[in-house]
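Here is the structure we will look at.
The values are calculated or read from the model by the stated rules, or taken from the named source; none is laboratory data. From a predicted model like this one, the values you see are computed outputs, not experimental measurements. Positions of Cβ are backbone-derived with ideal geometry, glycine not excepted, and every protein chain shown enters the neighbour counts.
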Amino acid sequence: MIIAHTSTHKRILELNRPITSLKGIGPKRAELLLRKGIKTVLDLIFFTPTRYEDRSRVLPIGKTGEGPAVLVRGKVVSGREERFFRRGKGLFRIIIKDETAHLELVWFNYKKVHLSRFIGQGLEIMAYGRVQRDRGRRQMIHPDIKVVNRDKVIEILGFYPVYPQVMGVSGQVIRSAVKQALERYQEILTDEIPRKISRRIGLPELGEAIKCVHFPPEGSSIDLLNQYETPCHKRLIFDRFFRVMLNIAFRRRFRKKRSGIVFSIPKGLLSRLEEYFSFTLTGDQVRVVKEMLKDLSSGRPMNRLLQGDVGCGKTVVAAMAAYISIINKWQVAVMVPTQVLAQQHKEYFSSLSESMGFRPVLLTGALNKSDRLEAYEKIREGAYNLIIGTQALIQEDLAFDRLGLVVIDEQHRFGVRQRALLDRKGTDPHLLVMTATPIPRTLAMTVYADMDISIIKEYPEGHRPAETFLMDESRKREVYNMVRQRMSAGQQALVICPVIEGSEDTDLKNALEMYSGLRKLFAPRFCVGLIHGRLSPHEKDQTMDNFRKGRIDLLVGTTVVEVGVHAPGATVIVIEHPERFGLAQLHQLRGRVGRGRERGLCLLMLKNGISGESLSRLKVLAECNDGFEIAQKDLEIRGQGELMGIKQAGTGELDFAEMFREPELLMTAKKEAEQILDSDPELSRPENRLLRNMVQADFPGVLDF
């Protein structure tokens, strides 16, 4: 980054202080927060809440009933731990009262030392949680409680931010650290986007937006907060959109000035290629290959996005592009998001005819140092002409002999920045980006404005899409009997939950409890596995590899299984709380089953009381198997506030859920980015200095084309 002024440099240094500089964050908590990508004060400031609780009003205990969570206030009558020696378990119970009624506060998972601070008779406390009836008595299970300090009651009341869960670090610790960070550093936050832009589109300044997102002001709407529809939320979303749109605008403009490698295309190539495969290419595959051949022989670097639904045969098209590069004596790099997918691609290319000339190598973060250095050397020498790997491919110390083609698979798992870095590993190599996430054309033309777009909608002969059924909770036994029957026939199953573990303020089915319950139901006859985002990359890859190879019969997990792992034995997927997912995401999930000979089955488990709006959305999935039509419906419906929150996206990344929810804001960001470059192509004017620094920091080298 170019630092033009001392004041700017000083602000950057201050905001990049380690989070251990904040009270309450020691080395142990800092290590836990690092797992969420939080290393500096600035990282913490941009660690935004996923939802909000309305704690602005205290309700008399006597007026509470079963329903949404409420805030009450009362004096402690009694409090103690109760042990059940036969079961080896216990609970902690505190009884409070106000002028209207008594209320029991109960914890089954607790720290006795912590709760013992609240049992002094006559102590006044506030409790937040859902009230339920137990043998006629009002009860809160696992409430959030605070001692009432009469001078600070006003600080307790209001809208309460709830952050993404960090194992080992309480929400209260995160809230306290965020508050400290804002009090110290809000004034020196640098707003890189010119004020004239945010003012023109009616959005607040960055500092104000950050503060309001963390601590909403009095008078805010709880519905708008939880739908991320406040001006402050929109400002943060706009910033993410704008940064990427500015980079894309740069890449598109400078792409026109570049010359590329000219590949020679042998006559009769298509007929020769079909000899290498045991099937006939579809009409869409042939059309896309012809589009690529034109690119590869044009003298301009190919820069093409290939969109295709799950199972439509994109990998075959990539293999054809790779073959053309190989016969022209150039290397190919294939980058995928996980080690399991990298291994899967290695096996696929290794299974192709030797006469195609592929000499593949697998390059992932799992390689030990000596093997990695040996692979690097052979890649530099040209001994390997097909390099398949994860983000290990963009490490600085990896150099290619003659990189002619870059293929990026499952693009929605990579950001624009990674694409740019890999693109620079050669001298203007050709680029093919593939995604199985169907994006409506209007959005695709915005997000991939620097690329040409090809679409495959036709499936290979014999393909049968998974059948999808909506299942009431009353049919739970029937559903798991079907799962048992499938596994008894040698097939595999998946069960997907929206969260990893449960909490006191939600009744969502969670992966940990589901795994425990299904192990009791199906083990030891069937092997039950568990996968979720808190596992290490190695653990996740090992689990998915075991499932792919048939060593696990039933895999319980979250949406980390969404990306294109090919497990031909998987035929049934059960999705709990499907209303918590977007339609496009559900379509991706059901694409995990039915990839072998047996037709797939997708069962969407509907909870009691599901809204009519959610039911209508899910019926779209049950009635349609066209990913592009489903994506368009998702765009039209725009999630209706049911998305899980503002994603903690990394630099240069776009979250498709946000794009679908805020298409107008995305188009506005594109328009503003292009207007700036139209008036100042090099961002050389003083008022655009911060933008230039931002681009150079986020996307190294983009200004050097």
Filter region 13-43 down to the residues that are among the aliphatic types (A, V, I, L, M), in a loop (DSSP other than H, G, I, E, B) and touching a strand residue (DSSP E or B) at 6+ places or on another chain (Cβ under 6 Å) and list them by number. none
The residue from 27, 49 that alone is surrounded by 18 or more Cβ atoms within 10 Å (Cβ to Cβ) and modelled with pLDDT of 90 or more is 49
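Residue-wise test of (1) among the hydrophobic types (A, V, I, L, M, F, W, C); (2) under 27 Å from residue 63 (Cβ atoms); (3) modelled with pLDDT of 90 or more.
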site: 83; (1), (2), (3): no, no, no
site: 89; (1), (2), (3): no, no, no
site: 103; (1), (2), (3): yes, yes, yes
site: 111; (1), (2), (3): no, no, no
site: 114; (1), (2), (3): no, no, no
site: 118; (1), (2), (3): yes, yes, yes
site: 121; (1), (2), (3): no, yes, no
Output for region 538-566, where each listed residue is at pLDDT 85 or above, among the aliphatic types (A, V, I, L, M) and either within 19 Å of residue 513 (Cα to Cα) or assigned to a loop (DSSP other than H, G, I, E, B) (or both): 552, 554, 555, 556
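Looking only at region 304-317, which residues are over 25 Å from the mean Cα position of the chain (by Cα) and either surrounded by fewer than 24 Cβ atoms within 10 Å (Cβ to Cβ) or not assigned by TED's automatic domain parsing to the domain that holds residue 434 (or both)? Don't jump to the end; show me each part of the working.
The first filter runs over region 304-317 and keeps only residues over 25 Å from the mean Cα position of the chain (by Cα), leaving 316-317.
Within region 304-317, just 316 meets the criteria.
Taking region 318-354 as the region of interest, how many residues are of a type in the set (Ser, Thr, Tyr) and in contact with an Asp or Glu (Cβ under 9 Å, 6 or more places away or on another chain)? Full working, then the answer.
Within region 318-354, the subset of a type in the set (Ser, Thr, Tyr) is 323, 325, 338, 348, 350-351, 353.
Okay, now just the ones that are also in contact with an Asp or Glu (Cβ under 9 Å, 6 or more places away or on another chain), so 338, 353.
Number of matching residues: 2.
Return the total of residues in region 312-340 being aliphatic (A, V, I, L, M) and not in a helix (DSSP H, G or I).
Residues of region 312-340 that are aliphatic (A, V, I, L, M), as a first pass: 316-322, 324, 326-327, 332-336, 340.
Imposing the further condition that a residue be not in a helix (DSSP H, G or I) reduces the set to 332-336.
Matching residues across region 312-340 total 5.
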Can you pull out the residues in region 182-241 that are under 23 Å from the mean Cα position of the chain (by Cα), aromatic (Phe, Trp, Tyr) and over 23 Å from residue 674 (Cα atoms)? 228
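Condition test on residue 486, is it closer than 19 Å to residue 604 by Cβ, without any contact (Cβ under 8 Å) to a residue 24 or more places away in the chain and assigned by TED's automatic domain parsing to the domain that holds residue 567?
Numbers: closer than 19 Å to residue 604 by Cβ: yes; without any contact (Cβ under 8 Å) to a residue 24 or more places away in the chain: no; assigned by TED's automatic domain parsing to the domain that holds residue 567: yes.
For residue 486, the condition - closer than 19 Å to residue 604 by Cβ, without any contact (Cβ under 8 Å) to a residue 24 or more places away in the chain and assigned by TED's automatic domain parsing to the domain that holds residue 567 - is not met.
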Identify, from the list 307, 331, 339, 285, the residue that is of a type in the set (S, T, N, Q) and in contact with a Lys or Arg (Cβ under 6 Å, 6 or more places away or on another chain). 331
Just checking, does region 292-304 include any residue being of a type in the set (Asp, Glu) and under 24 Å from residue 451 (Cα atoms)? yes
Quick check: anything in region 72-93 within 23 Å of residue 54 (Cβ to Cβ), surrounded by fewer than 18 Cβ atoms within 10 Å (Cβ to Cβ) and either in contact with a Phe, Trp or Tyr (Cβ under 9 Å, 6 or more places away or on another chain) or without any contact (Cβ under 8 Å) to a residue 60 or more places away in the chain (or both)? no
Among the residues of region 526-533, is any surrounded by fewer than 23 Cβ atoms within 10 Å (Cβ to Cβ), at pLDDT below 85 and not in a loop (DSSP other than H, G, I, E, B)? no
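Does residue 545 qualify as being touching a residue at least 40 places away in the same chain (Cβ under 8 Å), among the acidic types (Asp, Glu), farther than 22 Å from residue 458 by Cβ and surrounded by fewer than 22 Cβ atoms within 10 Å (Cβ to Cβ)? Before the answer, list the steps.
Numbers: touching a residue at least 40 places away in the same chain (Cβ under 8 Å): yes; among the acidic types (Asp, Glu): yes; farther than 22 Å from residue 458 by Cβ: yes; surrounded by fewer than 22 Cβ atoms within 10 Å (Cβ to Cβ): yes.
Judged against the criteria, residue 545 is a match.
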The one condition residue 604 fails out of (1) within 27 Å of residue 483 (Cβ to Cβ); (2) modelled with pLDDT of 80 or more; (3) out of contact with any Phe, Trp or Tyr (no Cβ under 9 Å at 6 or more places or on another chain) is (3)
Is one or more of the residues making up region 350-370 under 22 Å from residue 595 (Cα atoms) and in contact with a Leu (Cβ under 9 Å, 6 or more places away or on another chain)? no
Candidate set: region 592-622, residues that are part of a loop (DSSP other than H, G, I, E, B) and without any contact (Cβ under 8 Å) to a residue 60 or more places away in the chain; chosen: the one farthest from residue 464 (Cα to Cα): 609
Return the residue satisfying two criteria in turn: it lies in region 83-133 and is farther than 20 Å from residue 148 by Cβ, outside any strand (DSSP E or B) and of a type in the set (Phe, Trp, Tyr), and of such residues it is farthest from the chain's Cα centre (by Cα). 85
Could you figure out which of (1) farther than 21 Å from residue 585 by Cβ; (2) part of a helix (DSSP H, G or I); (3) at pLDDT 75 or above isn't true of residue 399? (2)
Yes or no: residue 361 farther than 30 Å from residue 244 by Cβ, modelled with pLDDT of 90 or more and in a strand (DSSP E or B)? yes
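Matching residues to (1) modelled with pLDDT of 90 or more; (2) of a type outside the set (A, V, I, L, M, F, W, C):
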position: 216; (1), (2): yes, yes
position: 242; (1), (2): yes, no
position: 248; (1), (2): no, no
position: 262; (1), (2): yes, no
position: 270; (1), (2): no, no
position: 280; (1), (2): no, yes
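Within region 29-62, which residues are of a type in the set (Lys, Arg) and within 26 Å of the chain's Cα centre (by Cα)?
29, 35, 36, 39, 51, listed by residue number.
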For the condition at pLDDT 90 or above, among the hydroxyl-bearing types (Ser, Thr, Tyr) and buried (at least 19 other Cβ atoms within 10 Å of the Cβ), what is the one hit in 221, 198, 297? 198
Candidates 435, 427 - the one that is at pLDDT below 80 and assigned by TED's automatic domain parsing to the domain that holds residue 313: 427
For region 454-503, how many residues are among the aliphatic types (A, V, I, L, M) and surrounded by fewer than 16 Cβ atoms within 10 Å (Cβ to Cβ)? 1
Here is a check on your reading of the model: is residue 368 modelled with pLDDT of 90 or more, assigned by TED's automatic domain parsing to the domain that holds residue 449 and either under 30 Å from the mean Cα position of the chain (by Cα) or not charged (D, E, K, R) (or both)? no
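Between 277, 238, which is out of contact with any His (no Cβ under 8 Å at 6 or more places or on another chain), buried (at least 19 other Cβ atoms within 10 Å of the Cβ) and aromatic (Phe, Trp, Tyr)?
On the way: 277 fails: buried (at least 19 other Cβ atoms within 10 Å of the Cβ).
It is 238.
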